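Right, one structure below, let's go through it.
The values are calculated or read from the model by the stated rules, or taken from the named source; none is laboratory data. Treat the numbers as computed from the prediction; the structure is a model and nothing was measured. Heads up, the Cβs are rebuilt from the backbone with ideal geometry, glycines too, and the neighbour counts pull from every protein chain shown.
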């Protein structure tokens, strides 16, 4: 009875060990199978370079990239295949972002592109509409990278240029008018003029005209006019003139700088004048010698002969006191005061009356005169006339005298 119990206990213990061993084997095999099922490969295309990562359990994209040691920027582009391949593989593509400046039409726009993009895509993102002749640097097919730098869009314009008698079409890059002319092979002279501002920006279909400015020097000969001068001569009677030296023109060479615009005269300036022959001044002698006084002859029959022996016809004779005055100025009739113009009472002797004046004995002769002025004494009837003389000395010599005025 006791022996049976011992054997029974031993059998139960052995069975327990076998069962435990079986359970351990099952657990181990299950774990291996589970681990094998959770392990898979991730292939990452990072800017064209392939990285492979073997993963356990986790399938999140950021954890996969972290396992591959890839740090993704804010603007980097990450693309993952939507499903695993039949063999359980995952594909992830990472494209780095590049910030590129696109310069065009005097402005700069900043755009973001990614690895694998080309210059054409960056230009398009900047909103640039390209024309057939535009030049893009780098070229449109160039792939962008961190070393690409700024993209330059150079515009080209069709212009018409007129110069040197010809008009031709030209295709030029953007920039100033002066730069466009240089591209067209036209060199501007320092004096040449352009129809538009040389510093202005060139535009499509612009018309530009260049006027060539040249200069030439011309030498001509012209006369130098003589001057006319007078000299007083005390051997000639007053009122007489005599030519002493005849005037003669001289000559001079004139150097003129003429301006030509496209070969046509547009103005000139005198550079220098050189006298070749001096002119001879014309000199005229003017007499200052007073003629000797001659007597007038008054006949008893009412006839009169002047100091020159000429018979004088008169209609009336007025006798009375006469005075003398001088000093210039203007007479009452508007004429400049001068010898031969006398002041009278116009109610007695009307202005403009021709007169002959001398003393009753004919020895003091004033001569022919015209009533052209008036004065206080004459208008008051205290004198019959005030006689004008050229100098104060002549007036003093005359003083106050009884004179005859003959109305002619």
Can you pull out every residue in region 163-175 that is out of contact with any helix residue (DSSP H, G or I) (no Cβ under 6 Å at 6 or more places or on another chain) and surrounded by 15 or more Cβ atoms within 10 Å (Cβ to Cβ)?
163, 170, 173, 174, 175
Residue satisfying condition, being assigned to a strand (DSSP E or B), at pLDDT 90 or above and loosely packed, with under 11 Cβ neighbours inside 10 Å, within set 187, 220, 230
220
Just one of the numbered conditions (1) free of Cβ contacts under 8 Å to residues at least 40 places away in the same chain; (2) in contact with a strand residue (DSSP E or B) (Cβ under 8 Å, 6 or more places away or on another chain); (3) closer than 23 Å to residue 176 by Cβ is not true of residue 155; which one?
(1)
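Residue by residue, here is whether (1) touching a residue at least 24 places away in the same chain (Cβ under 8 Å); (2) out of contact with any helix residue (DSSP H, G or I) (no Cβ under 7 Å at 6 or more places or on another chain); (3) within 30 Å of residue 55 (Cβ to Cβ) holds:
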| site | (1), (2), (3) |
| --- | --- |
| 92 | yes, no, yes |
| 105 | yes, yes, no |
| 127 | no, yes, no |
| 140 | no, no, no |
Need pairs with beta-carbon distance below 7 Å; first residue without any contact (Cβ under 8 Å) to a residue 24 or more places away in the chain and on the phi > 0 side of the Ramachandran plot and within region 216-234, second surrounded by fewer than 11 Cβ atoms within 10 Å (Cβ to Cβ) and assigned to a strand (DSSP E or B); sequence gap 6+ or separate chains.
none
Please indicate, with yes or no, whether at least one residue in region 341-360 is more than 16 Å from residue 407 (Cα to Cα), touching a strand residue (DSSP E or B) at 6+ places or on another chain (Cβ under 8 Å) and surrounded by fewer than 16 Cβ atoms within 10 Å (Cβ to Cβ).
no
(1) part of a strand (DSSP E or B); (2) under 30 Å from residue 166 (Cα atoms) all hold for residue 205 apart from (1)
Are any of the residues in region 114-130 more than 23 Å from residue 155 (Cα to Cα), in contact with a strand residue (DSSP E or B) (Cβ under 8 Å, 6 or more places away or on another chain) and not in a loop (DSSP other than H, G, I, E, B)?
yes
Would you check if there is a residue in region 195-202 being assigned to a strand (DSSP E or B) and either free of Cβ contacts under 8 Å to residues at least 12 places away in the same chain or within 25 Å of residue 134 (Cα to Cα) (or both)?
yes
If only one of 108, 136 is closer than 26 Å to residue 202 by Cα and surrounded by 17 or more Cβ atoms within 10 Å (Cβ to Cβ), which one is it?
136
Lone unmet requirement of (1) in contact with a strand residue (DSSP E or B) (Cβ under 9 Å, 6 or more places away or on another chain); (2) in a loop (DSSP other than H, G, I, E, B) for residue 390
(1)
Write out, first by first residue and then by second, each pair whose Cβ atoms fall under 7 Å of each other, whose residues are 6+ apart or on separate chains, and whose first residue, in region 350-368, is at positive phi and free of Cβ contacts under 8 Å to residues at least 24 places away in the same chain while the second is buried (at least 17 other Cβ atoms within 10 Å of the Cβ) and not in a loop (DSSP other than H, G, I, E, B).
352/370; 352/371
With the first residue restricted to region 257-271 and required to be on the phi > 0 side of the Ramachandran plot and free of Cβ contacts under 8 Å to residues at least 40 places away in the same chain, and the second required to be in a strand (DSSP E or B) and surrounded by 14 or more Cβ atoms within 10 Å (Cβ to Cβ), Cβ contacts under 7 Å at 6 or more apart or on different chains are 267/259
What number goes with the only condition from (1) at pLDDT below 95; (2) out of contact with any helix residue (DSSP H, G or I) (no Cβ under 9 Å at 6 or more places or on another chain); (3) assigned to a strand (DSSP E or B) that residue 361 does not pass?
(3)
Of 381, 329, which residue is loosely packed, with under 15 Cβ neighbours inside 10 Å and free of Cβ contacts under 8 Å to residues at least 12 places away in the same chain?
329
Can you say whether residue 336 is loosely packed, with under 12 Cβ neighbours inside 10 Å, within 19 Å of residue 295 (Cβ to Cβ) and touching a strand residue (DSSP E or B) at 6+ places or on another chain (Cβ under 7 Å), as far as the supplied structure shows?
no
